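Novice: What follows is a structure written as structure tokens; I'll ask about it next.
The values are calculated or read from the model by the stated rules, or taken from the named source; none is laboratory data. Small disclaimer: the values here were computed from a predicted structure and weren't measured. Ideal geometry is used to build each Cβ from the backbone, glycine not excepted, and the neighbour counts take in all protein chains shown.
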Amino acid sequence: MTAHSLQDMAPGFVDITVQSQGVFRSALDALARPGSIARLPSVPANPVLPRGSSAAASLLLALLDQDCSLWVSPALAAGHGAAWLRFHTGCTITCDHRTADFVWAASFLELPPLSDLKQGSAEYPDQSATCVVDVVGWQLGAPTDPRAVELRGPGIRDVLCLCVDGLDRHFVQQHHAMQLHAPCGVDIYCCSGDALMGLPRSVRLSVCDAVEAAACM
């Protein structure tokens, strides 16, 4: 990294302790209440746009440190986000998503297969990958919506039906296969703008009933 690039490096949090702790609490709450929305503080000069979201930048800035490795998907690798995170957190940027502690994808299409990522072990399930996925957005759905996915499990009252950009039947199948090896598995954060939503490994995903019925016709 040249002196010129260091001089031009965008700043991180204004108050590292307060802002990073706030983001960390929001991240934990997002996993405890799947499908809930958290707003994260933006960094002063977001270096990842337009290839990444402000929420993803803030989340990774708070979670990464010098002991972590980060893999970024091709669309994000073309920008400055990875170098910015390495500069501010000391993390290692890796080309191998299979060994990465954190995986940052520009979309669900660029997210590697879940089975290829670090799953942890029965003794140390926390030694698994955490995925941060940028999406266009999400909204509440209905069982009649072919894009909708139902969420059930801890932290959800009854069932929550959501339409999440890029989260489709194929991803649901991958998620089901991953959960066969519980408590192993990856946790996923969806990011859009300054908003964050958590999909913990424990959440049960399914396509809505109308979609299942249509597939069987």
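Novice: Confirm whether Ser107 is at pLDDT 95 or above and out of contact with any strand residue (DSSP E or B) (no Cβ under 8 Å at 6 or more places or on another chain).
Specialist: No; evaluated as a whole, the condition is false for this residue.
Novice: Here are the criteria: (1) assigned to a loop (DSSP other than H, G, I, E, B); (2) at pLDDT 95 or above; (3) not hydroxyl-bearing (Ser, Thr, Tyr). Tell me which single one Val133 does not satisfy.
Specialist: Val133 satisfies all of (1) assigned to a loop (DSSP other than H, G, I, E, B); (2) at pLDDT 95 or above; (3) not hydroxyl-bearing (Ser, Thr, Tyr) except (1).
Novice: Report, by residue number, each residue of the stretch 94-115 that is among the acidic types (Asp, Glu) and under 13 Å from the mean Cα position of the chain (by Cα). Quick ask: steps written out before the conclusion?
Specialist: Of all residues in the stretch 94-115, those among the acidic types (Asp, Glu) come to 96, 101, 110.
Selection gives Asp101, Glu110.
Novice: Pairs, please: C-beta under 8 Å, at least 6 apart or cross-chain, first residue over 11 Å from Cys191 (Cβ atoms) and part of a loop (DSSP other than H, G, I, E, B) and in the stretch 26-52, second polar (S, T, N, Q) and modelled with pLDDT of 85 or more?
Specialist: The qualifying pairs are Pro41/Gln19; Pro41/Ser58; Ser42/Ser54; Ser42/Ser58; Val43/Ser54; Val43/Ser58; Asn46/Ser54.
Novice: Among the residues in the stretch 104-113, are any free of Cβ contacts under 8 Å to residues at least 40 places away in the same chain and part of a strand (DSSP E or B)?
Specialist: Within the stretch 104-113 (the criterion being free of Cβ contacts under 8 Å to residues at least 40 places away in the same chain and part of a strand (DSSP E or B)), the answer is yes, since at least one residue qualifies.
Novice: What are the residue pairs meeting all of these: first residue in the stretch 135-162, first residue under 25 Å from Ser54 (Cα atoms) and in contact (Cβ under 8 Å) with a residue 12 or more places away in the chain, second residue acidic (Asp, Glu) and in a loop (DSSP other than H, G, I, E, B), Cβ atoms under 7 Å, and 6 or more apart or on different chains?
Specialist: Close Cβ pairs (under 7 Å, with a partner that is acidic (Asp, Glu) and in a loop (DSSP other than H, G, I, E, B)) amount to Val135/Asp165; Val136/Asp165; Gly137/Asp165; Trp138/Asp165.
Novice: Out of all the residues in the stretch 29-53, which are more than 16 Å from Trp138 (Cβ to Cβ), of a type in the set (Gly, Ala, Ser) and either modelled with pLDDT of 90 or more or surrounded by 15 or more Cβ atoms within 10 Å (Cβ to Cβ) (or both)?
Specialist: Ala32, Ser42, Gly52 - these are the residues of the stretch 29-53 that are more than 16 Å from Trp138 (Cβ to Cβ), of a type in the set (Gly, Ala, Ser) and either modelled with pLDDT of 90 or more or surrounded by 15 or more Cβ atoms within 10 Å (Cβ to Cβ) (or both).
Novice: Moving on. Any idea which residue in the stretch 58-96 is farthest from Leu117 (Cα to Cα), counting only those that are in a helix (DSSP H, G or I) and touching a Gly at 6+ places or on another chain (Cβ under 6 Å)?
Specialist: Here the answer is His88.
Novice: For residues that are among the small types (Gly, Ala, Ser) and outside any strand (DSSP E or B), scanning just the stretch 160-213, find the one that is farthest from the chain's Cα centre (by Cα).
Specialist: The residue in question is Ala213.
Novice: Same structure again: Read through the list (1) at pLDDT below 95; (2) touching a strand residue (DSSP E or B) at 6+ places or on another chain (Cβ under 9 Å); (3) surrounded by fewer than 20 Cβ atoms within 10 Å (Cβ to Cβ), then give the number of the only condition that Cys208 fails.
Specialist: With (1) at pLDDT below 95; (2) touching a strand residue (DSSP E or B) at 6+ places or on another chain (Cβ under 9 Å); (3) surrounded by fewer than 20 Cβ atoms within 10 Å (Cβ to Cβ) applied to Cys208, the lone miss is (3).
Novice: Taking into account only those residues within the stretch 13-25 that are at pLDDT 85 or above and in a loop (DSSP other than H, G, I, E, B), which is surrounded by the fewest Cβ atoms within 10 Å (Cβ to Cβ)?
Specialist: Asp15
Novice: Of everything in the stretch 70-93, what is polar (S, T, N, Q) and either surrounded by fewer than 18 Cβ atoms within 10 Å (Cβ to Cβ) or under 13 Å from the mean Cα position of the chain (by Cα) (or both)? Give them in sequence order.
Specialist: Correct list: Ser73, Thr92.
Novice: Please enumerate the residues belonging to the stretch 117-134 that are touching a residue at least 40 places away in the same chain (Cβ under 8 Å), over 8 Å from Val186 (Cα atoms) and of a type in the set (D, E, K, R).
Specialist: Matches in the stretch 117-134: Asp134 only.
Novice: Confirm whether Ser73 is under 21 Å from Gln139 (Cβ atoms) and modelled with pLDDT of 95 or more.
Specialist: No, not satisfied.
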